[in-house]
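See below for the structure under consideration.
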Amino acid sequence: MNQIIVSCDTSGDILTCAEGMSFWGGVNANTGVVQDAHHPQHGQSLAGKIVLMPSSRGSCSGSGVLLELALNGHAPAALIFREDEDILTLGALIAARMFDRPVAVARLSKSSYGQLAAQEHARIDGSVMTAGDLTIALSPLNTKCLKLSASDQSMLDGAKGAAVQLAMQVIQIMGAVQGASRLIDVTRVHIDGCIYAGPANLTFATAMQQMGAQVHVPTTMNAISVDFDNWQDQGVPPLFGAPASQLASAYLSMGARPTFTCAPYLAADRPEAGEDIGWSESNAVIFANTVLGARSVKHPDFFDLFVALTGRAPLSGVYLPENRQAQLRIAVALPQTYNESIWPLIGWVTGQMAPDRIPRIEGLKDVQMTEDDLKALCAAFGTTSAAPMLHIQGVTPEGDQPPCPDANRLEITKDMLAKAWSVLNFGPEQVDLVALGSPHFSLSETRRFADLMAGRTCAQTTSCIITLGRETGEQAQAEGLITVLEKAGVRIVRDLCWCSISEPVFPPTARHLVTNSGKYAHYAPGLSGRTVRFASLADCARAAIEGHIAENLPDWLK
């Protein structure tokens, strides 16, 4: 079915994207230019275009970037998908309903999508899309298919105030988009919309705050864009620091807890298997579904707050057991020797092979993977796939569940991993910055790096920064790890992470960085404008001490 989801009369030149993209980290929020260095459309502008892409992928913060573009006049004229898509759809919906800055959104059949992609210019008038000789009728969204409980209807009618009413209105629409038949209770929410991508995030949060919004279920907060307590002492310009801290304060005033971490699964109180949760932040959602066996779709930024206000979410996607089944089998041929940097490489390649479906990785059941290994794999997978989870046979809770009968079988070879390593490495031997903690470092990672740096010091020309969540930071402080690291010249930064860091916390003079994170190696070129190297944690420690790293492919990949 060809469907109009966000209606807006508009027209523009057609730009067809060869693959999905993450607007967060992948599109400049001020200009609409694609900045993802690994995307086929890198350098092209989306502003004013009829943009076709299979679906989005990557960060849940893409909705905030789209709202920013809508408010500053650099948004696409329309977004046309051929697969299910929530993140950008939600951003367009908020732009239209709350700020009267609509961006048209439609979902087409594969046949209609292919026909439209062959055209150069398109126009949307109400329920009709035209492009050259092509005419496509667009059906309106039917929200009546979603059955509401008496409590849901009461919230929709405004019995609990304007903020909850708006939240339920949007939940009803997104439930219809997702094909849900009803809503379910969630036990907890993780907010991702607290990252300051630009004024739009603060504009949204302030509007909700002024409407009297208060969370209904326990709600944690993602990493923010500044050290909440210390940004002024760190030299962060008030032009950025003030609105970034105001954004965090807005969510705190609405009842969220100041956890400020992109790895909420590291907390002592984390979800259990089978628990329905309402999480945003792509790496956290993937880890929760994959490793913990909890259940959450990738809720877009802003929608996460609406779920928190109501405690309700559409029963769709991987909330349903039948939708958690693997749709693709991927066999991994492990090299005879390797180090832990293989896990983000496997995750990144798996995401490329399964950009729109849940895969099951096979061939690792005899490997003793740690939670840190799984964390790295899941985070890298989330940069190249839109899927909210994956399975690892013999390793993850649902990894031994049979895949779909028609699931194809593909293979990841050592050559493919070597190619991925080469894509993620394009800097010189010189290292100005070692960037660790994307996602936030765990306590075990902090211990390991402290052991690697004990009795050594960073090179004078090389900065080394670790980003930590508050809970992990307190544990590391109690164990004396922070003292060891700081003595070695390592800087510990709390509250923010590498996907939200900015100068001067990010060293302004650093031009060449190295990271052990496949996620940050993917996003950093576009986010930071620096050259990026990807390496193991031990090699990152060596780079911090020596100020350089070998350009050669690791021996285990040769």
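The values are calculated or read from the model by the stated rules, or taken from the named source; none is laboratory data. Computed from a predicted model, the values in this text were never measured in an experiment. Note: ideal-geometry Cβ built from the backbone for every residue, glycine included; neighbour counts use all protein chains shown. With ligands, DNA and RNA removed, areas are computed over all heavy atoms of the protein, side chains included. Shrake-Rupley method; radii C 1.70, N 1.55, O 1.52, S 1.80 Å.
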The chain, Cα convex hull volume normalised per residue, Å³: 137
What does the accessible area of Arg101 come to, in Å² to the nearest 10, when a probe of 1.4 Å is used? 110
Full-extension gain between Lys147 and Thr31, please, as 0.36 nm times their residue separation minus the C-alpha to C-alpha distance. 37.7 nm
Using a 1.4 angstrom probe, figure out how much accessible area segment 467-531 has per residue, in square angstrom, rounded to the nearest whole. 35
With every protein chain kept in place and ligands, DNA and RNA left out, what is the accessible area per residue of segment 311-403? Probe 1.4 Å, answer in Å². 34
Counting only protein heavy atoms and using a 1.4 Å probe, what share of the accessible area of the chain belongs to carbon plus sulfur, as a whole percent? 47
With a/c under 1.5 counting as rounded, go ahead and sort segment 203-314 into rounded, prolate or oblate using the C-alpha gyration tensor (a ≥ b ≥ c being the square roots of the eigenvalues; past the cut-off, prolate if a/b is larger than b/c, else oblate). oblate
Rolling a 1.4 angstrom probe over the protein chains, ignoring ligands and nucleic acids, what is the accessible area of Cys145 in square angstrom, nearest 10? 70
Heavy-atom accessible area of Arg257 with all protein chains present, probe 1.4 Å, nearest 10 Å²? 120
Pop the C-beta distance of Thr483 and Lys419 into the FRET formula with R0 = 35 Å and round what comes out to the nearest 0.05. 0.25
Taking every pair of Cα atoms in segment 110-210, average 1/r, invert it to obtain the Kirkwood radius, and report Rg/Rh to two decimals. 1.10
Toward the positive end of the charge dipole of the chain, about the Cα centre and with charges on Cβ (Lys, Arg +1; Asp, Glu -1), which of Met453, Ala543, Leu468 goes farthest? Leu468
Per residue, how large is the accessible surface of segment 43-172? Use a 1.4 angstrom probe and give square angstrom. 38
Relative contact order %, the chain, counting alpha carbon pairs below 8 Å whose residues are six or more apart: 14
Roughly what would the spin-label model give for Phe240 and Asp451, points 7 Å off Cα along C-beta, in nm? 3.6
With the label point 7 Å along the Cα-to-beta-carbon line of Glu429 and a cut-off under 14 Å to each amide N, the hits in segment 520-548 are 543, 546-548
Please compute the alpha carbon radius of gyration of segment 1-94, then divide it by the globular-protein estimate 2.2 N^0.38 Å. Two decimals is fine. 0.95
Under the helix-only model (-39500 (n - 2.57) for each DSSP H run of 4 or more, divided by the residues of the chain), the mean residue ellipticity at 222 nm, to 500 deg cm²/dmol, is -10000 deg cm²/dmol
Under the definition of Cα pairs under 8 Å and six or more residues apart, what whole-number percent is the relative contact order of segment 397-546? 32
